[in-house]
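**Student:** Please see the structure below; I have some questions.
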Amino acid sequence: MDISLKHEDYKYLKILSDNTIEESVEAELTLPEYMPEILRIIKSTAETKINACNVVGDRVTIDGVCELRMIYTAEDGGIYSFSQTRPFARHLENPEFNNAADVESNISVSYVNCRATGTKRAEIKAGLTIKFNIFAEEKEDIISFDDVKNIEQKTVSVKAMSLGCKKTRSFSMSDTITLNMPAAFLLSTKACAVCSETRKINNKIMVKGEAVVDICYVNSNDKTVVEHIKHNLPINQILEFDGMEEHYKGDVFLQVVSADVIMKGESAGSATSFDVSLVLDAHTTMWEEKELIVIADAYAVDKALELQQAPYSFFSYADEIKDTHSFSGEFTISGDGVYSVVDSCGELTSIQVKNEKGELVISGGVNVSAIIKDSSGNISSVNKIFDYSYKKAGDFTDKSILCKPDIVLTNLECKPKNSNSIGFFAEINISATVLEQKRFDVVT
């Protein structure tokens, strides 16, 4: 019996690797002559910048730099900082990486230790956690019978999201910030970016959004005073993607992989402006909605028919999340009380997604660190992890849900609440495409 078959491709993402690598960087800091001696180290930080992350053959490589910074006080009561950059490079090898379609990387700082070895010398060491997500495009051949007589078949109509595109594109931005108060030293630089709108045209995606740079620095006129500046950079980029169709659905997640701030000024030690340069990765995942007719079972009326079956997973569009979530808490402070918050920063911890009672629950935490000044003028550092829980109502009951949210910490503030506590407020941006997974046996 001759059987004519119809064929249709169904594509999906396969994770080849989600490995984590530990890396350590260290430096010996020697203060220049014009900087005062170390009285007490307040805090040490590590800021990472990714120069490149790519796949060549069976190897994925990441290289970048880590800026190790020591923040200390001197006899004059001023706040000072000094830093050095150290390069790092790591790689993973796997024969499967030859089929990689895209790679995403993320670096978090697991610890930073700094100790003074002299009045103008210190040793600093940081541990980095480098996470790779390496994706491949998998393709299944979905078959159906083409007007075959004497064959009874049980078919199932499936609405499925077939992978259209999974790529990362990089672009850079720069701007100059003129300062109202002159700067002596940088204490911290924080940058994030959020995509607010996408538009697909032929093989291109127009991305609109905003990047926010938050800079903390020491006033050069009075080194006991710290200044903060928040600067917004509008994003309006056109990115090219081969095979992009206008009817695709999906997400573009923006990640700041490098933020450089260079002090510019009329004389050494007193900057009047900052040159800001950002490098962003646009992680893009697009899906094509298809109506597939699959064969669950079949038999021939007058002949013996041998069938081969295999379990297939199909993913359909369930919902979309584009929202902001705010939460707050407080630090309890002992000692001489809180006079002011010098600087604060936060880092997102692990993210969990659960389907509970028909609601999608996204939870995690933010590790908040703050430099505070007490009523006696003493400066110290405190940190605490604050948990959050975001709920998305929807028709998720008794469904197998797949959701990998992209979360960006867009705002973080710490202010004295009273003499013994600090109030904390944070805002996160959450975006995700929510897919429902259905799995059953299909005639192949």
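**Student:** Within region 12-41, name every residue whose backbone N is under 13 Å away from a label modeled 7 Å from Cα of E75 along the Cβ vector.
**Tutor:** 36-40
**Student:** Grab the other residues whose beta carbon is less than 11 angstrom from that of S431, score K and R as +1, D and E as -1, and report the net.
**Tutor:** On the way: positive: K322, K404; negative: D251, E320, D323, D406.
Local net charge: -2.
**Student:** So how do D275, D302 rank on accessible area, 1.4 Å probe, biggest first, that is with the largest at the start? Write down the numbers at each step before the final one.
**Tutor:** Details: D275 50, D302 95 Å².
Final ranking, largest accessible area leading: D302, D275.
**Student:** State which entries of K49/K415; K230/K404; K167/K290 exceed 23 angstrom in Cα-Cα distance in the structure shown. Before the final figure, lay out each step's value.
**Tutor:** Details: K49/K415 29 Å; K230/K404 29 Å; K167/K290 21 Å.
Flagged as over cut-off: K49/K415; K230/K404.
**Student:** Could you give the size of the charge dipole of the chain about its Cα centre, using +1 on the Cβ of each K and R and -1 on the Cβ of each D and E, expressed in debye and rounded to the nearest 20?
**Tutor:** Values: 46 positive and 67 negative charges, 197 e Å.
Approximately 940 debye in magnitude.
**Student:** Ok, one more. Summarise the accessible area of the chain (1.4 Å probe, protein heavy atoms) by the percent that is carbon and sulfur.
**Tutor:** The C+S portion of the solvent-accessible surface of the chain is 42 percent.
**Student:** Here's something else I'd like to know. P(r) for the chain, please, calculated from all Cα pair distances in 10 Å bins and given in %.
**Tutor:** Binned Cα distances yield the sequence 4, 17, 25, 23, 14, 9, 4, 3, 1, 0.
**Student:** Here is a follow-up. Distance between Cα centroids, region 373-444 to region 1-22: provide it in whole Å.
**Tutor:** Comparing the Cα centres of region 373-444 and region 1-22, I get a distance of 32 Å.
**Student:** Mind listing the Cα extents of region 194-299 along all three principal axes, in Å, largest one first?
**Tutor:** 87, 27, 17
**Student:** On to the next question. Using the Cβ atoms and a cut-off under 11 Å, what net charge is assigned to the surroundings of M35, where Lys and Arg are +1 and Asp and Glu are -1? Could you put the intermediate results ahead of the total?
**Tutor:** Details: positive: K120, K223; negative: E33, E37.
Overall, the nearby charge balance is 0.
**Student:** Taking the convex hull of the alpha carbon atoms in region 323-444, what volume per residue do you get, in Å³? Please list the in-between numbers first.
**Tutor:** Values: hull volume 13.6 nm³, N = 122.
About 112 Å³ per residue, rounded to a whole number.
**Student:** Further, regarding this structure: Could you rank D58, D398 by how accessible they are, 1.4 Å probe, largest area first? Intermediate values should be presented prior to the final figure.
**Tutor:** Values: D58 65, D398 155 Å².
The ordering from most to least exposed comes out as D398, D58.
**Student:** Still on this structure, I have one more. Using the per-residue mean of other Cβ atoms lying within 10 Å as a proxy for protection, in what order, highest first, do the peptides 370-381, 425-436 fall?
**Tutor:** Numbers: 370-381: 17.2, 425-436: 20.0.
My ranking of the peptides, most packed first, is 425-436, 370-381.
**Student:** What distance in nm lies between label points placed 7 Å from Cα along the C-beta direction at H325 and D275?
**Tutor:** In this crude spin-label approximation the distance works out to 4.1 nm.
**Student:** How much length, in nm to one decimal, is gained on full extension between F425 and N54, taken as 0.36 nm per residue of separation minus their Cα-Cα distance?
**Tutor:** Length gained between F425 and N54: 129.9 nm.
**Student:** Please find the FRET efficiency linking K149 to E8, where r is the Cβ-Cβ separation and R0 is fixed at 22 Å, and quote it to the nearest 0.05.
**Tutor:** Numbers: r = 22 Å, r/R0 = 1.00.
The computed FRET efficiency comes out at 0.50.
**Student:** Okay, moving on. At 1.4 Å probe size, with every protein chain present, just tell me what the per residue accessible area of the chain comes to in Å². Walk me through the intermediate numbers first.
**Tutor:** Numbers: 22060 Å² over 444 residues.
With the other protein chains kept in place, the chain gives 50 Å² per residue.
**Student:** What does the extension gain come out to for E197 and I15, with contour length at 0.36 nm per residue minus their alpha carbon separation? Let's see the in-between values first.
**Tutor:** Numbers: separation 182, 0.36 × 182 = 65.52 nm, distance 2.71 nm.
Full-extension gain reported as 62.8 nm.
**Student:** Sticking with this one: Place +1 on the Cβ of every Lys and Arg and -1 on the Cβ of every Asp and Glu in region 136-208, take the dipole about the Cα centre, and give the residue among V194, S174, I143 whose Cα lies farthest towards its positive end.
**Tutor:** It is S174, whose Cα lies furthest towards the positive end.
**Student:** So, by mean Cβ neighbours within 10 angstrom, what's the order for 244-252, 280-288 with the highest one leading?
**Tutor:** Values: 244-252: 16.6, 280-288: 22.1.
Ranking the peptides 244-252, 280-288 by packing returns 280-288, 244-252.
**Student:** Could you calculate the contour length gain from K131 to I401, that is, 0.36 nm times the residue separation minus the distance between their Cα atoms, to one decimal place in nm? Numbers along the way, then the final one.
**Tutor:** Values: separation 270, 0.36 × 270 = 97.20 nm, distance 2.38 nm.
Length gained, K131 through I401: 94.8 nm.
**Student:** Sorted by accessible area (1.4 Å probe), largest first, how do C53, C414 line up? Could the numbers behind the result be given before it?
**Tutor:** Working: C53 40, C414 15 Å².
Ranked from most to least accessible, the order is C53, C414.
The values are calculated or read from the model by the stated rules, or taken from the named source; none is laboratory data. No experiment lies behind these values; they were computed from the predicted model shown. Note that each Cβ is placed from the backbone with ideal geometry, even for glycine, and that neighbours are counted across all protein chains shown. Ligands, DNA and RNA are excluded from the accessible area calculation, which covers all protein heavy atoms including side chains. Shrake-Rupley method; radii C 1.70, N 1.55, O 1.52, S 1.80 Å.
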